[in-house]
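Here the structure is laid out as structure tokens; the discussion comes afterwards.
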Amino acid sequence: MSAPVVVSNLAKTFYDEGRGQIKAVDSISFECHEGQIFGLLGANGAGKTTTLRMLSTILTPTAGTASIMGHDVVKDPEGVRKSLGFYSATTALYPRLTTRETIEFFARINQYPSERVPERVEYLIHRFDLHKYADARIEKLSSGMKQKVSIARTVAHDPAILIFDEPTVGLDVLNALDVQDSISELRSEGKTIIFSTHIMSEAERLCDRIAIIHGGQILASDTLAGLRESTGQHYLEDIFVLYVKAGLETV
Amino acid sequence: MVLSWKDVRVLYLREVRSALRDRTIVTNSVLLPIFLYPVLIWLAYTGITFISGQNEELKSRIMLKDLPAAHASLSKQFETDKAVVLSKSANPAEDIRAGTLDALVEFLPASSSDAADNFAVRITFDESQDQSDRAKRRIDQIISKYRDDFLQQQAVRLGISREQYQNFKVDDKNLSSNRQVSAFMIILPIFFIVMLAVGAMHPAIDSTAGERENSTWETMMSAATSRTSILVAKYFYVATMSFIAAFLNLFAMMASMGTVLAPMFQGGRGTSSLRIPIESAPVILAGAALLALFVAAGMMIFASFARNYKEGQSMVGPFYIALIMPIMFFQTPGLAFTTRMALVPVANVMMMIREAMQGIYHWPLIGLTLAVEFGCVIIALRIAVLIIQHEDFVMGSYNGSFGKFAKERLLGK
């Protein structure tokens, strides 16, 4: 049986008026295994977001293939989107809906069975401790509460795959830890998670496997222990710097 | 991409729910049509009535020349009229042109065949000047009244009744409404079209550029529904808001104007013309629906390039102006709803609605108008479909510029 997420030679080229052709993602391949958190670790502009946007079918790959739960990102984008929840700093919530309406809307539009939507909404309100704010408009919530509602809307349709693109950007330490805890709990529930970050401690704390991405290419992909062993370095920061500087490829 | 009507319904309800909680949209699509525009019209009419009342109070400077002695009492009538001031002038024609005199009344000698004491009058005035034109009307009234009284006196002296000396009399019955009501019936379709545009503008920007600004665009793009469903839901939402704004405005104008303007329409005469015949509803509804769909598509095409609300407003602005430009056609005096007019988008709907409001139905022209508007909707939707196929448009890569998109994608430069 193949892995829930399979990426093979995926590439994306953009055209920029000033810079010409830009290879944002250059033939990357990886697999994510069920119930694991796969980390994409890279600096800003490394190609993390473009990769994740291709996996969530917001962008179409220039070359290569990727499948989510057996659905091809090019041939069956709606099947892909039904199987995944996508969360990023640029996926905000509708400010004029309440928490309850938001979760209900995303459950319905992501094809969760209609008859089970009310039950699912109540479960998520309870699960993320949103009772107090269930009927408050999103625009009235604090940043921390908005993050919780955002995660709740990401999992509203109970997808098998979750993509978190730099979910802690702009959050304070406590809120960032809350988000990390939530992601960790979702893994415990059996979700397969792709998690991108440029914060080493987050990757160390959460990821079962880590891919170091730079210049649109994956330079290394392994468990933290495996990366330590192959580089002789203990800290992820040192490992990252080593790979990026050397351009070493140990996929 | 598969269109799912179930998803369209969920998305549409979400859009409407959000819109009804947005102050700008509620103000522009609901409150303004109901309250502001009827009040503005009322103010305009009140102002016009006030100004015309002021003008009526202006005295006419009139010069009498060669008044026959037998009709000296006519001079008295001019003197006693509070709206008239008798003046003297060495060069009346020049003074009338200069505006220092309003009219000259010259009494000409009667021809030999005329009865004794008859006279002819020549009124010299300048029609291009309101004050002079008004003076001429006042002179007409005074002389007509004097003539009626004179004839009656003569008839009494000869023992003839009024009916006997008036071999025939002319009575008139004006089937059209009075001038103010007619003007109002012209304004209604214009406001109707303007409100269609105003009602669509903010929802079109909010559902496209607004989504980008709020970063909800990407959230929506990653939802498990087709982009076609998302687009169709947004499109119907914008068209609905446009349609609602226009109809709320129409009903508010009808409801308020009938009572507010009634006293101005000469004691209520002609106010019955303010009622729109119920049988015109299908024609008005069909025209409004097609126009709302066209306006919604056009505005969404432009607004969708913008990265934020401000850019959206400036992108939609030219389309809004282009849309209400055909209203200028409407101002042309004596404009008729012809086949050529039925081919002009927007203006044709205005003409069709105006006629329907007056209970006039030119069915072939109505059919042609609806076909033209339907064609416009199809063309606008085809352009929209062509645009959303481009991924970089979806990602907002054109810096809010339609021109840049057209250059790079449509012209391939």
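Miscellaneous remarks
- Each 10 Å bin from zero holds the following percent of Cα-Cα pairs in the protein assembly as shown: 3, 12, 17, 16, 13, 10, 8, 6, 5, 4, 3, 1, 0, 0.
- Taking label positions 7 Å along the Cα-Cβ direction at both A:Y15 and B:D117, the computed distance is 9.9 nm, reported to one decimal.
- Stretching B:D130 away from B:L158 to a fully extended chain increases their span by 5.9 nm, per 0.36 nm per residue minus the current alpha-carbon distance.
- Dimensions of the stretch B:58-165 based on its C-alpha atoms, expressed as ranges along the principal axes with the largest first, amount to 48, 29, 22 Å.
- Listed by chain and number, the lysines whose C-alpha is less than 16 Å from the C-alpha of A:K12, apart from same-chain residues fewer than 8 away, are A:K23, A:K48.
- Our note on the geometry: Cα centres of the stretch A:42-57 and the stretch A:175-217, 14 Å apart.
- Projecting label points 7 angstrom from Cα along Cα→Cβ for B:R340 and A:D129 puts them 7.6 nm apart.
- Relative packing of peptides A:86-94, B:360-368, B:186-194 - highest average C-beta neighbours within 10 Å first: A:86-94, B:186-194, B:360-368
- Estimated FRET transfer efficiency (B:S73, B:A98; beta-carbon r; R0 35 Å; 0.05): 0.65
- Summing charges over all other residues whose Cβ lies under 15 Å from the Cβ of A:G85, with Lys and Arg as +1 and Asp and Glu as -1, gives +4.
- Taking a straight line from the alpha carbon of A:K191, these aspartates and glutamates sit under 12 Å away, with near neighbours fewer than eight places off in the same chain left out: A:E34, A:D158.
- Neighbouring Cβ atoms from other chains, within 10 Å of the Cβ of residues in B:220-232, number 6 on average.
- For residues of B:14-21, the mean tally of beta carbons on other chains within 10 Å: 4
- Lysine pair count for the stretch B:58-165 (Cα-Cα distance under 17 Å; residues 8 or more apart in sequence or on different chains): 13.
- Over chain A: helical MRE at 222 nm, DSSP H runs n ≥ 4 each giving -39500 (n - 2.57), nearest 500: -10500 deg cm²/dmol
- The mean number of Cβ atoms from other chains found within 10 Å of a Cβ in peptide A:105-117 is 4, as a whole number.
- Label-point gap, in nm, between B:W42 and B:V385 - each point 7 angstrom along Cα→Cβ: 4.8
- Each peptide in A:108-120, B:86-98, B:209-221 was scored by the mean count of other Cβ atoms within 10 Å over its residues; highest first, the order is B:209-221, A:108-120, B:86-98.
Computed from the coordinates by the stated procedures, all read-outs in this text should not be read as laboratory data. For clarity, every value in this text was computed on a predicted model and none was experimentally measured. Quick reminder, even Gly has a Cβ in these numbers, built from the backbone with ideal geometry, and neighbours come from all protein chains shown.
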